[in-house]
Every structure is written in structure tokens, then in C-alpha cells.
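Here's the structure, in C-alpha cells; my notes come after.
Every number in this text was worked out from the coordinates using simple rules, so none of it is lab data. All values derive from a computational prediction rather than experimental measurement. Note that we place each Cβ from the backbone using ideal geometry, even for glycine, and neighbour counts take in every protein chain shown.
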Amino acid sequence: MKEKRSSVIVNFIIRAVVGSAVIFFLNQFLAMQGLSVRVGMNPVTFVTAGTLGAPGVALLYGISFLSGH
């Protein structure tokens, strides 16, 4: 049981860190292309990326695109 819990925690942390890195580099890339779609780096985006993974990052960009920020 303890191994399963630690596996879930490690998986969450890896997804959150990789998702945050993707957000950072995608923000940079989009800025170089002249697009104003940006996702902020904050605890909510960290938890979203860690919980949902790549679909969560896509969801954050979709929300940002639709809201016009």
C-alpha cells in the first residue's frame, strides 16, 4: 500500500514538473511567433498539469485562448 502511494506521488510530481516546463517553453515559443496566448505559472497550473498531464496543459491553453488573455 505504501509503495502505491509513493508511486502516485512521484508520478504526480513528474507530470507537474514536465507540464510546467512545457508551459514555460510554449509561452516562449508563442511569444516569438507573436501570439498573445499565455498561461501563467502558478500553483493552480502546477496542480492541473500534475493531475491531468498533457491534456491538462492543453486545457489551460484552450481556456486562455477562449478567454482572450
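Things worth noting here:
- Entry note, the chain: relative contact order of 36 percent, from Cα contacts under 8 Å with a spacing of 6+ residues.
- Rounded, prolate or oblate (a/c below 1.5 giving rounded, otherwise prolate when a/b exceeds b/c) for segment 9-49 by Cα gyration tensor: prolate
- Going through (1) 42, 24, 22; (2) 48, 20, 17; (3) 34, 25, 17, the figure that equals Cα extents along the principal axes in Å as computed for the structure here is (2).
- In the chain, helical runs assigned H by DSSP with n ≥ 4 each contribute -39500 (n - 2.57); averaged across all residues and rounded to the nearest 500, the mean residue ellipticity at 222 nm is -27000 deg cm²/dmol.
- Helical segments meeting 30 Å axial Cα length and Kyte-Doolittle -1.0 threshold in the chain (DSSP H): 2-32
- In terms of the mean number of neighbouring beta-carbon atoms within 10 Å, the peptides 9-22, 46-59, 26-39 order highest first as 46-59, 9-22, 26-39.
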